[in-house]
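Notes to accompany the following structure.
Bear in mind these aren't lab numbers, they're just calculated from the coordinates by the rules spelled out. Computed from a predicted structure; not experimentally measured. Cβ: placed from backbone, ideal geometry, glycine included. Neighbour counts: every protein chain shown.
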Amino acid sequence: MAGMTLRRMRQDRHVRALAREVELPSDKFIQPLFVVEGLTARTAVPGLAGVHRENADSLARQVEADVAAGITKFLLFGVPGDKRERDFDASYTATQVAALRRRFGADIWLAVDVCLCSSTTHGHCGILDDTREHIANGATVEALAAAAMSYAQAGADCVAPSDMMDGRIGAIRRALDVDGLERVLVMSYAAKFHSGLYGPFRVAADSTPGAGSSLRDRATYQIDPARPADALASAERDAREGADILMVKPGLPYLDVLASLSQALPQPWAVYQTSGEQAALELLAGAGLGDLDRLQLETWTAFRRAGADMIISYAARRARALLGA
Ligand code: PBG
Ligand code: ZN
C-alpha cells in the first residue's frame, strides 16, 4: 500500500461517485425522429437500432410511448415525397408538427430541422445556381426562412437550420420576430463538418447528394475537418445573428472543437452524436467487441466533459433507461 495516492480515490463506487466532476442527467438528451410522406408502414433505419422512418400514425404512437417513458425532447426531420428544384412546399412537415403539438401540447419540446436536402431532387441542402456546380446562397436562405416560419407557425418550440448557408440564422430570426413567434428558439448547426459519419441519416432522410448534379458532395458548404478556425468563425457569426443554441456535429471526432468553442461562446452548446457515430458503436457491440451501454455512457460523458449542455443522440431512449429520471 505504501506510496498509494491517486488510487485511493478510485477504490470503490462510493468514493468514485463522490469525486465525479461530470454529471450525465437523462434530461440533457434530445431524440431525433423521422417522418416520411407516403409510407404505408414504418421501416427501420439501417444501422440504428430502434430508429424508424415513421408515417403520421406510427409517429404519434412512437411519441406517445416515448412520453410515457419520460422521453420528452425531440428533433424532427420531415421528409416530403415531392422533390423539387425550387418553390418548395413545407406543408407536409408543418402538418406533422401541428399534429404533434395538438396531441401532446406542452408535454413535449419539439425542435424541427430546417433544411432542403430532403426536398431537393439532387439531395443538396440548397438551390443550385445556373452552373449546377454551386449553391445559390441568397435564394436558399429565402427558402429556409420560409420553411422555418411554417414550422414555427405549426407549433415548433425550436427551429434548427442544418444547411450551413451564410446568413440564414439572421434571416430566420428576422422572420420569426413577429407577434406570437418571438419565443421560438433557433438552434444553429454552427460547427457542422463535412463528415463521413452521416451515412444512415441520408438513407433515413432521402438526402444523399449528387444525383443530377456535378456537385457530388457537401464540401462547398460544410466545414472542412482541418479548419477549426472556420468552425469558430461560423459559431461567432451565428451567435451574432441571434442563435439561441449552438451545435457541434459530429461529436466524438470534434471534441477539441466542442471544448474550445464552448469556452469561447456563452450560448448553450449542443452536440450531435451522428448516425455514423451511433452505427459505429452498434457495429462494435454487435461484433461482440464491446458493450453498447458502456460505449454510450463513455461517449456521452466525453461530450459533457468537453462542454456540451445537451446531447442529440439516436440512443436518447437508452439514456433514459440507463440513467433514470
Ligand atoms: C443535412 C443533415 C445531415 C444531418 C442532419 N441534417 C448531414 C448531411 O447529410 O450532410 C446528419 C445527421 C446524422 O448523421 O445523424 N442537412
Ligand atoms: Zn441538408
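Structural remarks
- Value of relative contact order over the range 149-256, rounded to a whole percent, pairs C-alpha under 8 Å and six or more apart: 35
- Kirkwood hydrodynamic radius of the chain, from the reciprocal of the average inverse Cα-Cα distance over all distinct pairs: 20.4 Å.
- Global form of the range 248-322, assessed from the alpha-carbon gyration tensor, a/c cut-off 1.5: prolate
- Annotation: the antiparallel percentage among DSSP beta bridges lying fully within the range 23-323 is about 10.
- Helix 91-104 vs. the chain, principal-axis angle (Cα, 0 to 90°, nearest 10): 50
- The label point for ALA219 and the one for ALA264, both projected 7 Å from the Cα toward the Cβ, are 2.4 nm apart.
- Taking the number of Cβ atoms within 10 Å of each Cβ as an exposure proxy, the fewest-first ranking of THR121, THR95, THR299 is THR121, THR95, THR299.
- Alpha-carbon Rg with Dmax, taken over the range 1-142, Å: 22.2, 75
- Residue exposure sequence - MET165, MET149, MET247, MET4 - by fewest surrounding Cβ within 10 Å: MET4, MET149, MET165, MET247
- Computed [θ] at 222 nm, deg cm²/dmol, the chain (DSSP H ≥ 4; -39,500 (n - 2.57); rounded to nearest 500): -11500 deg cm²/dmol
- Overall, the range 233-325 carries a charge dipole of about 180 debye about its Cα centre when +1 sits on the Cβ of Lys and Arg and -1 on the Cβ of Asp and Glu, all other atoms neutral.
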